[in-house]
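The values are calculated or read from the model by the stated rules, or taken from the named source; none is laboratory data. Here the structure is a predicted model, which is why all the values come from computation and not from measurement. Positions of Cβ are generated from backbone atoms using ideal geometry, with glycine treated the same way; all protein chains shown enter the neighbour counts. Ligands, DNA and RNA are stripped out before the accessible areas are found, and what is left, the full protein with its side chains, is counted by its heavy atoms. Shrake-Rupley method; radii C 1.70, N 1.55, O 1.52, S 1.80 Å.
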Amino acid sequence: MTHETYTLICPECGSRFDPAQPQTYCHACASPILAHYDLLTLSQSLKRDEISTRPRGMWRWRELLPVQDQSAIVTLGEGDTPLLRLEKIGSSLCCSNLYVKDEALNPTGTFKARGMAAAVSRAVELGIHEFVIPTAGNAGGALSFYAGRAGCVAHVYMPSDTPAPIQAEVKMSGADLHLVDGLISDAARKAAAAAAENGWFDVSTFKEPYRVEGKKVMGYEIAESMGWELPDVIIYPTGGGTGLVGMWKAFDEMEAMGWIGSRRPRMVTVQSNGCAPVVRAFQNRAERVEFWQNAATIASGLRVPAVFADRLVLRCLRQSNGTAISVSDEEILTSQRELAEMEGIWAAPEGAAPLAALKELLRIGWCHSEEKIVLFNTGSGLKYI
Ligand SMILES: *Cc1c(COP(=O)(O)O)cnc(C)c1O
Ligand SMILES: [Zn+2]
């Protein structure tokens, strides 16, 4: 009998895992495990309007996050990023309700900060002091700084062609950086072997339960910013899918607490033509995502050939009546320049991909000009120079 405010359950087989111990994933199903809070009880004491009056940041939503003792929170000020209206690009596309959630304003310049704030805080609370991560780049940067702030050691395995500022960031933090010839999938093999040998805690995407908890807060923030009415469409640059699955989870939690109704946005995955395993699986009506050979794109955060949470990602896209679309690196660069020149936003390539996708979705009539559309800029362009 534990006294944690949540339980951990495998979404595939329903197995329960003890939240008072460090947990990874359901090995029987090779599936992520997810936190479930007692939302009915919470909703009696926790009011959405009270949360709106709290000091800014991700931890405003602490009752819905896994950390038990608030003094264990490791924060650098993540969360509460702006939801900016795109007036000029909107009018050029005849979209009157176009927004970007600008995640570049997070610590370490990407939304990876949210997930790492949650995962590192809870892991340290459970007695972990040494972390390892295979990363396409930004997750390693975020882990390095959150682990450092917590007085812990981070071992980071990343492709040797990761943009220089991201490598520099990890080095600056004092973390232990291992450059790997190959992709995140190759880094994952090395990291897993080192983790097993040294007893380090692996915070790979969805291989522990709490990064998704941090990222789900993006869903709460969007709902609050829009007066508790969700938008019609959310376009999200998808690598491992943490944010997509997280926001979808947040919407269910909000409905269970009576904060929103049953209406949901259509969720859109955007990937690069050079690495689009989720798009291919969605188009093939598959339940699983197959490994993408020879992945290559300038959007390094989307250079993720294997998707561990594939079932959850595909279910979110289908249940929401959403879709998955890929764009070329050239289209990404064009959209990146438009966001900079017309709207004052220097987006990461990943963060420019949703605009490129929107143009195509408007052209084929999947999105309509009067719809409320939220694009995700997931990181700062400064990390890619
Ligand atoms: C990691 C990353 C993504 C992909 O995020 P997921 O939630 O894992 O799908 C997108 N953009 C940037 C800048 C990233 O670092
Ligand atoms: Zn299971």
Which of Gly57, Gly241, Gly227 ends up with the largest GNM mean-square fluctuation for the chain, with Cα atoms connected below 10 Å? Gly227
Tally Lys and Arg at +1 and Asp and Glu at -1 over the other residues with C-beta under 9 Å from the C-beta of Thr5: what net charge comes out? -3
Using only the alpha-carbon atoms of the chain as identical scatterers, what base-10 log of I(q)/I(0) does the Debye formula give at q = 0.06, 0.07, 0.09 Å⁻¹? -0.20, -0.27, -0.46
Taking the range 204-248 as the region of interest, what is the percent of Cα-Cα pairs per 10 angstrom bin, listed from the shortest bin to the one with the maximum distance? 27, 52, 19, 2
Let's test the formula: R0 of 56 Å, r as the Cβ-Cβ distance of Ser369 and Ala196. What FRET efficiency results, to the nearest 0.05? 0.60
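Once the other residues with Cβ under 13 Å from the Cβ of Asp186 are scored (Lys, Arg +1; Asp, Glu -1), what is the net sum?
That sum, taken over residues with Cβ under 13 Å, equals +1.
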Binned at 5 Å from 0, what are the whole-percent values of the Cα-Cα distance distribution for the range 240-304, short to long? 3, 16, 20, 20, 15, 11, 9, 5, 1, 0
Which ³J(HN,Hα) values, rounded to whole Hz and listed in residue order, are derived for the range 277-285 from phi using the Karplus coefficients 6.51, -1.76 and 1.60 in 6.51 cos²θ - 1.76 cosθ + 1.60 with θ = phi - 60°, glycine and proline given as x? x, 6, 4, 4, 5, 4, 5, 7, 6
May I ask you to compute the full-extension gain from Asn284 to Ser91, defined as 0.36 nm times their residue separation minus their alpha-carbon distance, rounded to one decimal in nm? 66.0 nm
Given charges at Cβ of Lys, Arg, Asp, Glu: the range 237-319 dipole, positive-most of Pro265, Phe308, Gly240: Pro265
What is the Cα centroid distance between the range 7-85 and the range 187-263, reported in whole angstrom? 10 Å
Pull up the cross-link candidates among the lysines for Lys171, meaning alpha carbon to alpha carbon under 16 Å and not fewer than 8 places away within one chain. Lys383
Which Cα, out of Leu179, Gly90, Pro163, lies furthest along the positive dipole direction of the chain (beta carbon charges, K/R +1, D/E -1)? Gly90
Extension gain Asp186-Ser43, at 0.36 nm per residue separation less the Cα-Cα distance, in nm? 47.1 nm
Restricting to lysines and to Cα separations under 19 Å from Lys216, and discarding same-chain partners fewer than 8 apart, the set is Lys47, Lys101, Lys112, Lys207, Lys249
Rg and Dmax of the range 20-148 over Cα atoms: what are they, in angstrom? 17.7, 53
Taking 8 Å as the Cα distance limit and 6 or more residues as the minimum spacing, I'd like the relative contact order of the range 291-368 as a percentage. 25 percent
A correct Karplus calculation of ³J(HN,Hα) over the range 364-373, with 6.51 cos²θ - 1.76 cosθ + 1.60, θ = phi - 60°, whole Hz and x for Gly and Pro, returns 8, x, 7, 10, 10, 4, 8, 6, 7, 10
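Can you order the peptides 245-251, 36-42, 99-105 by their average number of other Cβ atoms within 10 Å per residue, highest first?
Those peptides, ordered most packed to least, come out 245-251, 99-105, 36-42.
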Among Gln21, Gln68, Gln44, determine the one that fluctuates most according to a GNM of the chain built with springs between C-alpha atoms less than 10 Å apart. Gln44
With a sphere of radius 12 Å drawn around the Cβ of Trp248, what net charge do the other residues whose Cβ falls strictly inside it have (Lys, Arg +1; Asp, Glu -1)? +4
Among Ser380, Ser45, Ala123, whose Cα lies farthest out toward the positive end of the dipole of the chain, if unit charges sit on the beta carbon of Lys, Arg (+1) and Asp, Glu (-1)? Ser45
Okay, which of the range 234-263 sit inside 18 Å, backbone N to the point 7 Å along the Cα-Cβ direction of Glu360? 234-241
Potential extension, His36-Glu330 segment - 0.36 nm per residue separation minus Cα distance: 101.7 nm
I want to verify a result. In a Gaussian network model of the chain, Cα cutoff 10 Å, which of these has the top mean-square fluctuation: Met254, Met267, Met342? Met342
In whole percent, and with a 1.4 Å probe on the protein chains, what portion of the accessible area of the range 313-368 is carbon and sulfur? 47 percent
